[in-house]
Amino acid sequence: MKKAPRHILPGFGLTLGISLFFVSLIILLPLSGLFWQMGQLGLSDYWRILSSERTLAAFHITLSAAAMATLFNASFGLLLAWVLVRYNFRGKRILDALIDLPFALPTAVAGIALVALYDKNGWMGTLLAQADLKVAYTWWGIALAMTFTSVPFGVRTVQPVMESLDLDAEEAAQTLGAKDFQIFRTIVFPQLWPSFITGASLAFARSLGEFGAVIFIAGNMPFKTEIASLLIMIRLEEYDYPAASAIAGSLLLLALLVLILANFAQMRASRHLKKGA
């Protein structure tokens, strides 16, 4: 009887088993409780909760603000990663460290800081008021808070790939007379595209579930600045667990769908790059 080929690195079964155990304990078990709660609802009840005007308004505010934050972070993150990788300047290490600050800073603290800055009595709020602009307690404040908390994803996913790029193709293109933007569009960005998609999808998913930073600067007015995660909290305080689980489950499924589509697009882009190499 022929023996199965031995793995170069032994212990695959043990390490896989431990990994699956912790994934089940930390991720799947809490999610199963949420979906079990959702399973207690009938389709008519589920649709009634999601189709209510307040829920639809909360989802619209959340999705639109998250999309705006993702668009900014994807573009700004790419630019910032380019600056950090391609240039040397004073304060580079400090700037590089500041990018990870939203990960370390409690989101509630970030929300309070944004309110203190953009409130009508704050430094930026006073300047914006002179131009008849308002950020705090508006949709723009929500988008700003989501942008602050998700900005590292736009940088950290692209930066390692950019650091590993081979400059020979760019130098060859320069010798052939290609312009800088043409080199970036045809040589550099296609190689960054898979990581760019990953960063954008992670930023969007992170923004969808943001709570702490948003509630302080949003004002939490129903139909105007009330986000989906806050509505979940309100339903829990009302002991309306079916409604809270329906909204939370829908938000979770939406984020999961975005990540799955992003992974699919990333796989296709990676295959295309390998074929072109």
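Annotation: of all residues in region 1-23 being of a type outside the set (A, V, I, L, M) and in a loop (DSSP other than H, G, I, E, B), the one that is modelled with the highest pLDDT is Gly11. The residues on offer are Leu71, Leu114, Leu105, Leu80, and the sole one that is more than 18 Å from Thr138 (Cα to Cα), touching a Leu at 6+ places or on another chain (Cβ under 9 Å) and surrounded by 13 or more Cβ atoms within 10 Å (Cβ to Cβ) is Leu80. The C-beta contact set for region 228-246 (first residue more than 18 Å from Phe35 (Cβ to Cβ), second residue of a type in the set (Lys, Arg), distance under 9 angstrom, 6+ apart or interchain) comprises Leu231/Arg54. Figure legend. Inter-residue proximity from region 195-215: first residues acidic (Asp, Glu), second residues assigned to a helix (DSSP H, G or I) and buried (at least 23 other Cβ atoms within 10 Å of the Cβ), beta-carbon distance below 6 Å, spacing 6+ or different chains. Indicated pairs: Glu210/Met146; Glu210/Thr149. When region 255-277 is filtered for residues that are of a type in the set (D, E, K, R) and at pLDDT below 75, the ones remaining, listed by number, are Lys274, Lys275.
It is to be established whether one or more residues within region 76-94 are of a type in the set (A, V, I, L, M), more than 20 Å from Val188 (Cβ to Cβ) and either in a helix (DSSP H, G or I) or in contact with a Gly (Cβ under 8 Å, 6 or more places away or on another chain) (or both). Write out each step before concluding.
To start, the set of residues in region 76-94 that are of a type in the set (A, V, I, L, M) comprises 78-81, 83-85, 94.
The next check asks that each one be more than 20 Å from Val188 (Cβ to Cβ); those that pass are 94.
Right, trim to either in a helix (DSSP H, G or I) or in contact with a Gly (Cβ under 8 Å, 6 or more places away or on another chain) (or both) and you get 94.
The answer is yes; a qualifying residue exists.
Scanning region 131-144 finds no residues that are over 30 Å from Ala58 (Cβ atoms) and among the basic types (Lys, Arg). Helices (runs of 4 or more DSSP H) fully within region 187-267 that include at least 3 residues being of a type in the set (D, E, K, R) and closer than 24 Å to Ile49 by Cβ: none found.
Of all residues in region 143-180, those that are assigned to a helix (DSSP H, G or I), under 23 Å from Asp100 (Cβ atoms) and either of a type outside the set (Ser, Thr, Tyr) or free of Cβ contacts under 8 Å to residues at least 12 places away in the same chain (or both) total 16.
Residues in region 24-67 that are polar (S, T, N, Q), within 17 Å of Gly249 (Cα to Cα) and assigned to a helix (DSSP H, G or I): Ser32, Gln37, Ser44, Thr55, Thr62. Across region 181-197, the qualifying residues are those that are farther than 14 Å from Ala81 by Cβ, over 20 Å from the mean Cα position of the chain (by Cα) and not polar (S, T, N, Q), and the one among them that is surrounded by the fewest Cβ atoms within 10 Å (Cβ to Cβ) is Phe181.
Considering region 90-102, the residues that are among the charged types (D, E, K, R) and surrounded by fewer than 10 Cβ atoms within 10 Å (Cβ to Cβ) include one that is nearest to Pro152 (Cα to Cα), namely Arg93. Scan region 51-66 for residues that are surrounded by 15 or more Cβ atoms within 10 Å (Cβ to Cβ) and of a type outside the set (S, T, N, Q) and the total you get is 7.
The values are calculated or read from the model by the stated rules, or taken from the named source; none is laboratory data. What you see is a predicted model, and the numbers here were worked out from it, not measured in a lab. With ideal geometry, Cβ positions are generated from the backbone for all residues, glycine too; neighbour counts draw on all protein chains shown.
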